[in-house]
Amino acid sequence: MPRCLRLLLSLLLACAGPVAAAPPAPPAAPAGQVTIYRCVDAKGRLTLRDSPCAAGERQQMRTMQRPQDPPPRPTSAPAPTAPAAPALVRDRVVVAWPPQPLYECIRPDGSRYTSDSGEGNPRWVPLWTLGYPLLVPRNPLGDRVGAPPPRPGDPPLAVVYGPPPMTFVRDECHPLPQAEVCARLRDRRDEIRRRFFNAMPSERDALRVEERAINARLASDCD
């Protein structure tokens, strides 16, 4: 090599100054461990990393055990379940009550009213109103003294010496169809509700009881 070329290379090396050596390569970590590098730069800043520090940084190494997941728990076989007992089937008894009937009754004057029973209101009437003939004597022996005896089939005779005989009879009643029964019950409930606002306290108690009975009957027989 010419002498001038060697002199030029010497001058370049003198101007560049000393070259910083790279940190030595870390030894390989054992299996199952990890190496943590603690690096401090020229300004004192600390960095933790998993790779070697950069050139010019102070480096410290710590070897730690690599975290591992715990082994999976052994799966235990499910306990055998007892066979389900057969469902117990019970007979259900349904009792159906027939609707309660309602009757319409007629008074002698032709007016009508309703009743829960087929027996109308009782009243006392003279026997002659039922078609029985009456014999009113003019003397104690009677007008039939010496008369022929009554024949079979003749209506009975009643000898009256005082007030006419009376007998006990009831108004005639007949059952209403179920649809008509429900309609009349609803009409009666509406009437009770209209009367309730103007009724006296004692009458209101009676109206409440009657309305509860009608509601129960409607729910059972109509709704």
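We did not get these values from a lab; they are worked out from the coordinates using the rules stated. Model, not experiment: these values are computed from the prediction. As a convention, Cβ positions derive from the backbone with ideal geometry for all residues, glycine included, and neighbour counts pool all protein chains shown.
What are the residues whose amide H is under 5 Å from the amide H of residue 114, where those residues sit 5 or more places off or on another chain and H is modelled from the backbone?
Residues meeting the amide H criterion: 105.
Along the Cα→Cβ direction, 7 angstrom out, place labels at residue 212 and residue 94. What is the inter-label distance in nm?
That separation, rounded to one decimal, is 2.9 nm.
How much length is gained on full extension from residue 48 to residue 184, taking 0.36 nm per residue of separation minus their Cα-Cα distance?
39.4 nm
Distance between the C-alpha centers of the stretch 107-129 and the stretch 168-190? Whole Å please.
Computed from Cα coordinates, the inter-centre distance equals 15 Å.
Only four residue types carry charge here, +1 at the Cβ of Lys and Arg and -1 at the Cβ of Asp and Glu. Report the dipole size of the stretch 170-223 about the Cα centre in Debye, rounded to the nearest 20.
Its charge dipole is roughly 240 debye.
Residue by residue through the stretch 185-199, which ³J(HN,Hα) values in whole Hz follow from phi under the Karplus form 6.51 cos²θ - 1.76 cosθ + 1.60 (θ = phi - 60°), with glycine and proline marked x?
With coefficients 6.51, -1.76 and 1.60, one gets 5, 5, 5, 5, 5, 5, 5, 5, 5, 6, 6, 4, 5, 9, 7 Hz.
Long-range amide H contacts for residue 171: which residues qualify at under 5 Å (H placed 1.01 Å from N, peptide plane, sequence gap of 5 or more or a different chain)?
When sequence neighbours closer than 5 places are left aside, the close amide H contacts are 120, 121.
Residue by residue through the stretch 113-125, which ³J(HN,Hα) values in whole Hz follow from phi under the Karplus form 6.51 cos²θ - 1.76 cosθ + 1.60 (θ = phi - 60°), with glycine and proline marked x?
Taking θ as phi minus 60°, the curve returns 8, 9, 8, 6, 10, x, 9, x, 5, x, 7, 9, 9 Hz for the stretch 113-125.
Sticking with the crude label model, points 7 Å out along Cα→Cβ, report the distance from residue 124 to residue 63 in nm, one decimal please.
Label-label distance for residue 124 and residue 63, simple model: 13.1 nm.
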